[in-house]
Amino acid sequence: MELQAMHKITQSDYYNFLELNKEIIIEDQHITIGGKYIITQLQPDNFELEIENIWSFPERGKWATHYLNAKYRGNYAPQVPRNIILRYSMENDTILDPFIGSGTTLIESKLLKRHGIGIDINKGSTMITMDRLNFNSGEDSFPEQEVYTGDARNLNKIPDDSIDLVVTHPPYANIIAYSKNDKIEGDLSRITDINEYYKQMRTVAAEIFRVVKGGKYCAILFGDSRKYKHQIPLSFRLMDIFLEQGFILKEDVIKFQHNTKTRQYWKKASVEKNFLLLAYEHLFIFRKPEGKATGIYKYSMKA
């Protein structure tokens, strides 16, 4: 299968799309775009940088246009990328999210004055992202946020060693089918064979390793799943895949999940069939070593 190349979405592309579309279907959710959004604040109230490796955000952020994305399944709370961006990058750095979804990372990148690059294989997701980035505050100093349709396995327009920070939340294998209706070729969320999923994520990890600068960071939020009442350790397999590429594990953050759509559905079954609901995800923060050393046991352990 030929991997989709990156194609930049321009403002003209977005406005032309809006002429024909007022909503986008992602999985089973109808998501409105092109509205006259009311933005009461651009920054969160009383935000404090996390200092421990257990994070919990029971109230999703509602600043800027984040409040519009509550219906987009599987997206992460904006406090996650905000913490990562503030801790592991500086103003005017370049931030990459190769699974942009509804645009949470790029909204934060814009607000925090970083240059963002967001990619998604689903054109609907890229248009939602363009829509959510369509805000201003009277400031002229917001850096550019670039949005592309494309495949995370083929970052063809991104040079080697050019990205300061990756912040992303990949689709889990066959948990939420983001292209459920249009069935996009190459959509990793539709892969049903777990070993095939791992194989494709190795290509993703290799591309991310290629584009990240030496000494810089990659943060990936990932969780596990269940099959026949037993836990499938997707997150740890993914961690191994990134380590095998040459990344060093800087931190493993445990992030609690709140207000999940399926919790009530599985609540009764967890008692009747004797299994625990998965209430956390792993936020792995990797560093790319400086120099040419690669492989899981070939890196320098210097911080």
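Each value in this text was obtained by applying a stated rule to the coordinates, not by laboratory testing. It should be emphasised that the depicted structure is a prediction, and the values quoted were computed from it without experimental measurement. Neighbour counts are summed over all protein chains in view; Cβ atoms, including those assigned to glycine, are modelled from backbone coordinates with ideal geometry.
Once label points are set 7 Å from the Cα along Cα→Cβ at both residue 225 and residue 194, what is their separation, rounded to one decimal in nm?
About 0.9 nm, to one decimal.
With labels modelled as points extended 7 Å from the Cα through the Cβ direction, what inter-label distance (nm, one decimal) is found for residue 213 paired with residue 244?
3.0 nm
Of the listed pairs 62/229; 8/250; 8/71; 62/255; 62/123; 8/213, which have alpha-carbon separations greater than 27 Å here?
Values: 62/229 35 Å; 8/250 32 Å; 8/71 25 Å; 62/255 19 Å; 62/123 25 Å; 8/213 22 Å.
Distance filter (> 27 Å) returns 62/229; 8/250.
Spelling out what I want: for every residue of region 198-212, take phi, set θ = phi - 60°, compute 6.51 cos²θ - 1.76 cosθ + 1.60 (Karplus), and round to whole Hz; glycine and proline get x.
With coefficients 6.51, -1.76 and 1.60, one gets 4, 4, 5, 5, 5, 5, 4, 4, 5, 5, 5, 4, 4, 8, 6 Hz.
How large is the dipole of region 1-125 about the Cα centre if only Lys and Arg carry +1 and Asp and Glu carry -1, each at its Cβ, rounded to the nearest 20 debye?
Numbers: 13 positive and 16 negative charges, 60 e Å.
With only Lys, Arg, Asp and Glu charged at Cβ, the dipole is about 280 debye.
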